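Structure first, then comments.
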């Protein structure tokens with residue numbers, strides 16, 4: 001029993017990492033007043049680009065940089081459509097999802113027609129003296145570098161959002177852009193930067209899947225994690241700190257499902273695959289009351 005528990009807990013952290021990366025970026029998006037429903041597709045495209053570039057160059061760092069770059073560029077199109085032109089953010093986000101997911105699958109089919117890119121996932125880094133602690137050690141201190149980076153960024157982005165002038169501007173343009181504009185803040189520039197940051201973070205999330213623990217790409221690789229990241233944003237009340245817990249909850253759901261499938265628990269396979277998404281629905285039902293999004297979320301800003 002303890003072995004199964006250790007396996008479930010230790011796997012839950014890396015499985016939570018893509019959701020955490022994406023949700024942190026989306027928190028900044030929405031805090032600034034922009035909703036991006038395209039992060040699922042951005043994650044898929046970044047996962048493919050990260051794998052392909054790493055396979056081609058032999059450098060994980062280059063592949064990671066490429067994923068962040070493509071995520072930021074994809075989000076830049078969403079920023080141009082929503083912030084500069086004022087297109088409905090829901091429509092733009094869904095179009096971005098369709099476009100990026102389609103490019104990822106098309107690109108992979110073209111590449112795999114010549115060679116199937118596969119790599120060895122990033123190796124786990126043991127924290128000396130801590131990784132040997134029973135249960136807690138494998139749970140918290142035996143993961144690859146991207147896992148540690150995700151949790152470090154959650155703390156840093158929380159500090160920036162709540163303790164700096166820049167963070168105050170981000171929160172301000174999402175709550176009262178008119179007042180911020182009157183105070184001399186360039187509202188749309190702040191929004192553009194946040195949207196690009198959100199895309200870059202979604203790129204990190206996609207890369208953490210293909211480079212962090214799979215080492216391959218396949219159609220549907222993201223498997224709804226981009227949509228779950230949006231649920232985590234709501235669950236966390238737009239707080240990077242709470243997003244850590246929210247992401248881990250869904251990582252735990254994925255881990256329970258995969259562990260029970262691997263152990264042949266006798267529970268129907270398709271039901272186990274539904275566990276994280278059932279959990280997402282339950283979370284929405286629980287936190288829907290008392291949840292107040294930023295006042296100017298999805299509302300374009302035009303200077304008068």
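The values are calculated or read from the model by the stated rules, or taken from the named source; none is laboratory data. Since the structure is predicted, the reported quantities are computational estimates derived from the model, not experimental observations. Note that each Cβ is placed from the backbone with ideal geometry, even for glycine, and that neighbours are counted across all protein chains shown.
Kindly evaluate residue 146 against the criterion of being surrounded by 17 or more Cβ atoms within 10 Å (Cβ to Cβ), under 17 Å from residue 47 (Cβ atoms), at pLDDT 90 or above and touching a helix residue (DSSP H, G or I) at 6+ places or on another chain (Cβ under 8 Å). Yes, satisfied. Can you tell me which residue within region 171-189, out of those that are buried (at least 24 other Cβ atoms within 10 Å of the Cβ) and within 23 Å of the chain's Cα centre (by Cα), is nearest to residue 38 (Cα to Cα)? Here the answer is 174. With respect to the conditions (1) closer than 24 Å to residue 252 by Cα; (2) buried (at least 21 other Cβ atoms within 10 Å of the Cβ); (3) within 14 Å of the chain's Cα centre (by Cα), residue 12 falls short on a single one, namely (3). Scanning region 34-55 for residues that are outside any helix (DSSP H, G or I) and either free of Cβ contacts under 8 Å to residues at least 60 places away in the same chain or over 22 Å from residue 243 (Cβ atoms) (or both) turns up nothing.
Contact annotation: residue pairs with Cβ atoms under 6 Å, 6 or more positions apart or on different chains, pairing a residue in region 212-224 that is over 16 Å from residue 53 (Cα atoms) with a partner that is part of a loop (DSSP other than H, G, I, E, B), are 213/121. Note on region 200-239: among residues that are more than 12 Å from the chain's Cα centre (by Cα) and in a helix (DSSP H, G or I), the one that is surrounded by the most Cβ atoms within 10 Å (Cβ to Cβ) is 210. Within the bounds of region 106-124, is there any residue that is under 23 Å from residue 242 (Cα atoms), buried (at least 18 other Cβ atoms within 10 Å of the Cβ) and either touching a helix residue (DSSP H, G or I) at 6+ places or on another chain (Cβ under 8 Å) or without any contact (Cβ under 8 Å) to a residue 40 or more places away in the chain (or both)? Scanning region 106-124, I find no residue that is under 23 Å from residue 242 (Cα atoms), buried (at least 18 other Cβ atoms within 10 Å of the Cβ) and either touching a helix residue (DSSP H, G or I) at 6+ places or on another chain (Cβ under 8 Å) or without any contact (Cβ under 8 Å) to a residue 40 or more places away in the chain (or both), so the answer is no.
Within region 56-97, the only residue that satisfies the criterion of being surrounded by fewer than 15 Cβ atoms within 10 Å (Cβ to Cβ), touching a residue at least 12 places away in the same chain (Cβ under 8 Å) and under 26 Å from residue 118 (Cβ atoms) is 56.
Restricting 32, 16, 46, 66 to residues that are modelled with pLDDT under 95 and either in contact with a helix residue (DSSP H, G or I) (Cβ under 9 Å, 6 or more places away or on another chain) or within 18 Å of residue 108 (Cα to Cα) (or both) narrows the list to 16.
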